[in-house]
Amino acid sequence: MSLQEIPLELGTFELTEKADSLIWEANRRAEEFYSAGLGLRYPKYIPSDPRLVWESISYLKASGYIQGDVFCEWGCGFGIAAGLASLLGMTAYGIEIEEDLVGRATKLMKDLQLSVEILQMSYLPDGFEESEGHGGKDLILPYEMSSRGERVMIPEYDGLDPQEVNLFYVYPWPDQEQMMMDLFSAVASEDAILLMYLGDGEMAAFEKAEGE
């Protein structure tokens, strides 16, 4: 399998009123969270560009790239991207390891009557690890996946089969971009898509396709 970049043509999909309300309320609660000193044990919350997320998912759906309706946001924080995906008709999940953020994301979705399930866990399935590499983080695969001739381990999340996810979204730390692409390659099914915010208004999309 290989990753093929999908050229994104953005700028034509306007936010709906509900999407705009979600973004505003999520940002308000995030600012309130840190202003009150409640987020001292977490890195300062840096949102991606929700409008680009909305436009990107809209474009991928309208152009027929997405082969199903299951969405997963890795490291979802307050769950903005997952909420936007739900508004666009997808079955949306958010994965977040921090209990406090899981509770706040869950409450936000409930208050806005959005059908999003927030799962408290690492985005690295059992057996996967990350380590310091040259110029960034490296993904360490389970022994069963990284050794030829051995049984292939099927990655699992508690409450979500990553093989059923059609669209993953992540805003990685600056040294994690390649690691997240490697993780996507390892856990996603064929034809799944990875949407990744790279900062500074730049969004990239990749499809997992059979290699030449």
Of all DSSP beta bridges with both partners in the range 2-209, the antiparallel percent, nearest 5, is 50
Cβ-based net charge around residue 16, under 13 Å, with every Lys or Arg adding one and every Asp or Glu removing one: -2
As a check on your grasp of the helix formula, calculate [θ] at 222 nm for the chain: sum -39500 (n - 2.57) over DSSP H runs of n ≥ 4, divide by the residue count, round to the nearest 500. -10000 deg cm²/dmol
Cα to Cα, under 14 Å, and not fewer than 8 places away if on the same chain: which aspartates and glutamates meet these conditions relative to residue 110? 25
At 1.306 mPa s and 10 °C, Stokes diffusion of the range 78-142 via Kirkwood alpha-carbon radius, µm² per second: 121
Taking Cα atoms only, Rg over Rh for the chain with Rh from the Kirkwood formula is 0.95
Can you tell me, using C-alpha contacts under 8 Å and at least 6 residues apart, the relative contact order of the range 1-134 as a whole percent? 21
Nearest 10, in degrees from 0 to 90: the angle of helix 50-62 to the longest Cα principal axis of the chain is 60
What net charge do the residues around residue 75 carry, taking every other residue with its C-beta under 10 Å from that of residue 75, with Lys and Arg at +1 and Asp and Glu at -1? -3
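All of the numbers you see were taken from the coordinates with simple rules; none came from a lab. If you're wondering where the values come from, they're calculated on a predicted model, not measured in any experiment. No Cβ is skipped: glycine too gets one built from the backbone with ideal geometry, and neighbour counts run over all protein chains shown.
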